[in-house]
Amino acid sequence: MKRIFIFALAAFIFSSCDSNDDASDVAPVTNSKTSITFDARVGSADFALNKDFTIGSRTYNFSKLRYWVSNVTLVDAKGAEYLVPNSYYLMEEVGDLNLSGTIADKLTYPARKRETIEVEDIPAGEYKSIKFSIGVDARHNDNLSLADGELTIANGMSNIAWMWHTSYIFTSVGGTVKEGTTGGDFTAETGLNANYKTVSLDFTTPVNFATTKGVVLNLDVTRIVDGIDLIKTPKVNAAQATIMSALANNYGTKALSFSAISK
């Protein structure tokens, strides 16, 4: 009887060790990271500052392009959503900006180009689409003390001239526009909670971020200004509520599209 018990115990120990060895050979499932690029374009051309672009019958020369991307969400193949924590990003292409004006001391925001954000700790799986918003959600827009992600009034997007409503500028594009002998400088900005726009874009094929370096989205500036007469109304802000709403709708429904997957 003792011999039978000892043999059974030895078999159990051997079996347990063998199972543990098999488990050690299985790689643990780890979360992934990726980059999301918002590639600014003017039609088929790459967006650039201080360069003439023809849009329709008009010539544009841009001095700045800036906008908030917020609440980035990845949607998996089953429809489950992963909201990237603290995802508030200031996207921009600007030269040196003089922010003084109403400020006593000279204040300059340095030239910067930022089209790509890095996202980490993405749960394993395949993803079919991406959602994000242009602007800042009401909770943060109504309370500037909430400094989540890159949100802060010191981040160059807000200056004294546009803090009359104590809220963020959502988007800002500026430069010159001419048609024949008419035209001049323009600045087109959006803000206010009603102009917070959410965009949803499908990938052409499901994306597994464990094997995908990044996703490329296009922002077409020709579609941002579509239907906006910036010669007739060279300054678009909250004082031109209807035009500002149309501009915000362009960001939300026309300007952004899925482009490519980088592997």
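The numbers here are math on the coordinates, done by the rules we state, and not lab data. Nothing here was measured: the structure is a model prediction, and the numbers come from that model. Please note: Cβ atoms are built from the backbone with ideal geometry, for glycine as well, and neighbour counts cover all protein chains shown.
Note on the stretch 31-262: the C-alpha convex hull projects to 13.0 nm² when averaged across all orientations.
In the stretch 128-263, if the dipole is taken from +1 on Lys/Arg beta carbons and -1 on Asp/Glu beta carbons about the Cα centre, which of S129, V199, V177 is farthest to the positive end? Farthest along the dipole direction, towards plus: S129.
Summing Lys, Arg as +1 and Asp, Glu as -1, what charge do residues with Cβ under 12 Å from the Cβ of S200 carry, S200 excluded? Within the 12 Å Cβ shell, the charges total +1. Here r is the Cβ-Cβ distance between N31 and A111 and R0 is 35 Å; the resulting FRET efficiency, rounded to 0.05, is 0.50. By the count of other C-beta atoms within 10 Å, a proxy for reagent exposure, F53, F258 are ordered fewest to most as F258, F53.
One decimal place: the segment L49-S262 gains 74.1 nm when fully extended, by the rule 0.36 nm per residue minus the C-alpha distance. Here T176 and D121 are evaluated by their C-beta separation; at R0 = 30 Å the FRET efficiency comes out at 0.10.
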